[in-house]
Amino acid sequence: MIRLVSRLLNQTGRVIPKRMGSSVVERLQQPKVTLCQMRTTDCIDETFACIEGFAKSAVSDGSCMMFLPENAVFMGTSKDASLAIAEHVDDQSENSKLERLKDICKRYAIWMSVGGFQEIALTDDHGATKKLSNAHLILDDQGKLVTVYRKIHLFDLEYTPENGDESKKIQ
């Protein structure tokens, strides 16, 4: 994990400016990360309150980067709900979910790994979302989007009691 953080810092050519506070410099020189576990729902405002709480806690604990799980921003109850909230990663409107994540990174001076961001991949002739990309985002401590990875090996499972009851198969 520390190698990943160091590699990300080096890949972006980040030089630690002297004007940064000593706590930020210390966090970047001795990388510590925070892994966040959360129960995401379809209530985006509650989710962002949780993410912001994680950021505040991570920084106070000395972390320079936090890792959010897949579907960290939204867990819809249907395919249509996920399609409805999806956005382009280049959407810079004030209320976009990505801009809200960038704002948290800037305010707390922390890098963020966001798993499973619902990105618009395909629209119909009328602009309605038809397909999503399962995008993994890395944001830096200035709120800039460093990289996007679009998952290419997707997991398909038709749920049946035989393949879905994990407790019957695993001790």
Self-check item: Phi-based couplings in Hz for the range 132-137 (Karplus 6.51, -1.76, 1.60; Gly and Pro marked x)
Solution: 10, 9, 8, 9, 9, 10
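Loop only per DSSP, at most 15 neighbouring Cβ atoms within 10 Å: give me the GluC sites (Glu not before Pro) in the range 62-122, ordered by residue number.
Working: sites: Glu70, Glu87, Glu94, Glu99, Glu119; in loops: Glu70, Glu94.
Filter output for the range 62-122: Glu70, Glu94.
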Exercise. Just grab the label-to-label distance for Ser93 and Ser57, each label 7 Å out from Cα along the Cβ direction, in nm (one decimal).
Key: 3.2 nm
Practice problem: Multiply the residue gap between Ser78 and Gln37 by 0.36 nm, knock off their C-alpha separation, and tell me the result in nm, one decimal place. | Solution: 12.5 nm
Quiz item: What accessible surface, in Å², does a 1.4 Å probe find on Ser82, ignoring ligands, DNA and RNA and rounding to the nearest 10?
Solution: 20 Å²
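The values are calculated or read from the model by the stated rules, or taken from the named source; none is laboratory data. In this text, all values refer to a predicted model and were calculated from it rather than measured experimentally. FYI the Cβ positions are ideal-geometry reconstructions off the backbone, even for glycines, and counts take in every protein chain you see. Calculation scope for accessible area: heavy atoms of the full protein, side chains included, ligands and nucleic acids excluded. Shrake-Rupley method; radii C 1.70, N 1.55, O 1.52, S 1.80 Å.
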